[in-house]
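Nothing in this text is a laboratory measurement; each read-out follows from the coordinates by a stated rule. In this text, all values refer to a predicted model and were calculated from it rather than measured experimentally. We place every Cβ from the backbone using ideal geometry, glycine too, and count neighbours over all the protein chains shown.
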Amino acid sequence: PFNPTTHIRYVLTKSAIVKLSIYNISGQTVRVLANGFQDAGLYEIQWNGTNDSGEVLPTGVYPCELVAHKYRQINRIILMK
């Protein structure tokens, strides 16, 4: 659980096009935190619980999806107010 920000960390073992997205419980994209080419290495992205329009999202569970090359991982993030 987090309030007001959380840090999302990931490691790329090789360079790839990366997309890191946050979804609402209905599966709609609410925020895209990364979308483009990244070199191999350690990354940390901060999310402050807002959508792409800058609006503060309500308390809830938000799936976070990382896609890079042939890799895909989904974790759940709990936003608490």
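Things worth noting here:
- Projected label points at R72 and F37, each 7 Å from Cα along the beta carbon direction, are separated by 2.4 nanometres.
- Modelled label positions at A16 and D52, each set 7 Å beyond Cα in the direction of Cβ, lie 2.2 nm from each other.
- In order through region 6-21: 3J(HN,Hα) via Karplus (6.51 cos²θ - 1.76 cosθ + 1.60), integer Hz, x for Gly, Pro: 9, 10, 10, 10, 8, 10, 9, 7, 8, 4, 6, 7, 10, 10, 10, 10
- The trypsin sites (Lys or Arg not before Pro) of region 1-30 that meet both conditions, a loop assignment by DSSP and at most 15 other Cβ atoms within 10 Å of the site Cβ, are K14.
- DSSP bridge orientation in the chain - percent antiparallel, rounded to nearest 5: 95 percent
- The modelled label-to-label distance between N3 and E44, using points 7 Å beyond Cα along the C-beta direction, is 2.4 nm.
- Shape category assigned to region 1-49 from the gyration tensor of Cα positions, a/c cut at 1.5: oblate
- Measuring spread by the Cα atoms of region 29-68 yields a radius of gyration and Dmax of 11.8, 34 Å.
- Overall shape: prolate for region 11-78, with the ratio a/c of the largest to smallest alpha carbon gyration tensor axis at 1.5 or above and a/b above b/c.
- Cross-link partners of K19 among aspartates and glutamates (Cα-Cα below 16 Å; sequence separation of 8 or more within a chain): D39, E44, D52, E65
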